[in-house]
Each structure stands twice: as C-alpha cells, then as structure tokens.
1. Does Tyr199 fit the bill of being surrounded by fewer than 19 Cβ atoms within 10 Å (Cβ to Cβ) and either modelled with pLDDT of 95 or more or out of contact with any Leu (no Cβ under 7 Å at 6 or more places or on another chain) (or both)?
2. From the list Gly224, Gly150, Gly186, Gly163, exactly one residue is assigned to a loop (DSSP other than H, G, I, E, B) and under 17 Å from the mean Cα position of the chain (by Cα). Which is it?
3. Do any residues in the range 5-23 that are in a helix (DSSP H, G or I) have Cβ atoms under 7 Å from those of residues that are surrounded by 16 or more Cβ atoms within 10 Å (Cβ to Cβ), where the two are at least six apart or on different chains, and which pairs are they?
4. Can you give me the number of residues within the range 68-112 that are part of a loop (DSSP other than H, G, I, E, B) and exposed (fewer than 11 other Cβ atoms within 10 Å of the Cβ)?
5. Scan the range 24-38 residue by residue and report those that are outside any helix (DSSP H, G or I) and touching a strand residue (DSSP E or B) at 6+ places or on another chain (Cβ under 8 Å).
6. Of all residues in the range 1-16 being small (Gly, Ala, Ser) and more than 20 Å from the chain's Cα centre (by Cα), which is nearest to Ser202 (Cα to Cα)?
7. Checking the structure you have, find out if any residue of the range 113-132 is loosely packed, with under 12 Cβ neighbours inside 10 Å, of a type outside the set (A, V, I, L, M) and either in a helix (DSSP H, G or I) or out of contact with any helix residue (DSSP H, G or I) (no Cβ under 8 Å at 6 or more places or on another chain) (or both).
8. Only one of these is buried (at least 21 other Cβ atoms within 10 Å of the Cβ), out of contact with any Gly (no Cβ under 9 Å at 6 or more places or on another chain) and among the aliphatic types (A, V, I, L, M): Ala139, Ala170, Ala194. Name it.
Amino acid sequence: MTDDARALRRLLDARHSCRAFRPDPVPAETIAEIVRDAGRAPSWCNAQPWQIVVTTRQETDAFRTALLENARQASPQPDLPWPEGYPGVYGERRRTCGYQLYDAVGIARDDRAARAEQSMENYRLFGAPHVAIVHSAAALGAYGAMDTGGFVTAFMLAATARGVGTIAQASVAAFAPMVRAHFGLGDDRLVLCAISFGYADSDHPANAFRTERADLAEILDLRG
C-alpha cells in the first residue's frame with residue numbers, strides 16, 4: 001500500500017458523525033481550505049453544481065434558533081423526496097445506529113419522549129459553531145445531487161484532515177422552504193443537506209461510539 005493510500009484510509013477510518021461540539025470557532029482560513037479541497041470533487045461534465053452557505057458566530061445561532069422553532073411547528077417539506085423505506089439490511093443498519101446513540105447517551109430504547117428530544121439535537125446543530133448549507137442546481141436534478149454528494153464526502157474528509165469534526169444532516173433539508181427563505185436562496189437551487197462542523201467535544205457521550213461498516217463481500221461483485 002502506498003503512503004497516499006495509507007493516509008486516505010486513516011482519514012476514512014477517523015471520520016465519524018460528530019454529535020457534540022466545542023464552541024470554539026474554526027478559523028476562516030481553515031474553512032476556506034476545506035471548501036477549496038472539497039471543490040476538487042469530480043462531477044459529470046465538470047458541472048460542479050454545488051454551492052454552500054457557511055455560518056459563523058451570531059449567524060449560526062440565529063439559524064439554530066429559527067430552525068429549531070420551525071422544526072417544532074412545521075411539517076417536513078424536503079426538495080427531494082425522502083426514501084420510501086429502509087428494507088432489509090438497510091433498516092437493520094439504521095436501527096443499530098440509533099440504538100448505539102441511545103445507549104451512548106443513556107436513553108432507554110422504549111423511552112420515546114427522550115428519543116424524540118434527542119432527535120431535536122439535529123435542529124440545534126449539535127451545538128456546532130458552524131453550519132454549511134449545501135445546495136445544488138435544480139436543473140441538474142438527481143445527477144447534480146449525486147455529484148454534490150461527492151462534494152459532501154470530500155468536505156468531511158478535508159475537515160477531518162484538519163482536526164475538524166463534521167456531521168452531514170439530511171434532517172435540516174427536511175425544512176427546505178424555511179432554509180431557502182432564511183438564506184435567500186433562489187428556487188433554482190435544491191437544498192440537499194447541511195454539514196454542522198467545528199471541533200469535537202471528545203468527552204461528550206454522543207461521540208463515544210462508532211458505526212460498523214459492511215464487509216467487502218456485501219459491497220463488491222468482482223467479475224471477469
């Protein structure tokens with residue numbers, strides 16, 4: 001294995017969904033470096049359909065307050081339809097991730113009220129000092145969204161390389177009309193997700209677990 005391959009594997013293994021952050025802001029220069037690196041992600045015909053709004057300081061707090069209020073009152077209206085379901089192994093993985101989180105923060109699996117309150121941490125942005133609102137060109141539809149997924153992955157790896165924690169949140173995109181209005185985004189943009197980011201609170205129990213990954217045999221069908 002080459003040095004570059006080992007470095008990439010270390011980043012992939014180190015990255016995780018951070019669910020508790022310290023209040024310390026990430027320097028503007030570091031944010032710019034992360035976004036610059038993420039912008040190297042490939043895209044169909046080099047369209048590069050992604051754009052992001054990144055908040056700092058009072059802007060983050062203002063959005064956090066507005067988002068939480070909206071989430072408590074409004075019904076979800078995502079720009080892209082939610083999955084129809086999580087059949088089979090996909091549902092098993094989803095449940096396992098949820099149970100790991102509840103176990104880490106001391107919530108009983110049958111305590112629905114506590115589970116619902118924990119879910120609201122999504123709209124508090126897990127206390128992160130920054131959030132990136134990720135949006136793509138509506139005209140490019142699903143393929144622009146797929147390209148932007150590559151940008152999201154590259155963003156999180158670039159952040160990990162600099163000691164910055166991240167969590168990608170489709171939950172924020174559930175309230176796309178509110179997000180669009182809050183940031184003045186046009187109807188020609190699809191709100192795809194948010195990435196809350198900052199320096200991880202390593203002592204918080206929500207950051208104490210790691211999700212499992214499928215075995216290679218479950219992914220790879222090598223032929224020839």
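1. Against the criterion (surrounded by fewer than 19 Cβ atoms within 10 Å (Cβ to Cβ) and either modelled with pLDDT of 95 or more or out of contact with any Leu (no Cβ under 7 Å at 6 or more places or on another chain) (or both)), Tyr199 qualifies.
2. Among Gly224, Gly150, Gly186, Gly163, only Gly163 is assigned to a loop (DSSP other than H, G, I, E, B) and under 17 Å from the mean Cα position of the chain (by Cα).
3. That search, which allows pairs on different chains as well, returns Leu11/Leu157; Leu11/Thr160; Leu11/Ala161; Ala14/Thr160.
4. Summing the residues that are part of a loop (DSSP other than H, G, I, E, B) and exposed (fewer than 11 other Cβ atoms within 10 Å of the Cβ) in the range 68-112 gives 11.
5. If the condition is that a residue be outside any helix (DSSP H, G or I) and touching a strand residue (DSSP E or B) at 6+ places or on another chain (Cβ under 8 Å), then Asp24, Pro25, Val26 are the ones that fit.
6. Top of the filtered list is Ala7.
7. Scanning the range 113-132, I find at least one residue that is loosely packed, with under 12 Cβ neighbours inside 10 Å, of a type outside the set (A, V, I, L, M) and either in a helix (DSSP H, G or I) or out of contact with any helix residue (DSSP H, G or I) (no Cβ under 8 Å at 6 or more places or on another chain) (or both), so the answer is yes.
8. Ala194
The values are calculated or read from the model by the stated rules, or taken from the named source; none is laboratory data. Because the structure is a prediction, the values reported are computed rather than measured. Here Cβ is always computed from backbone atoms with ideal geometry, including for glycine, and neighbour counts include all displayed protein chains.
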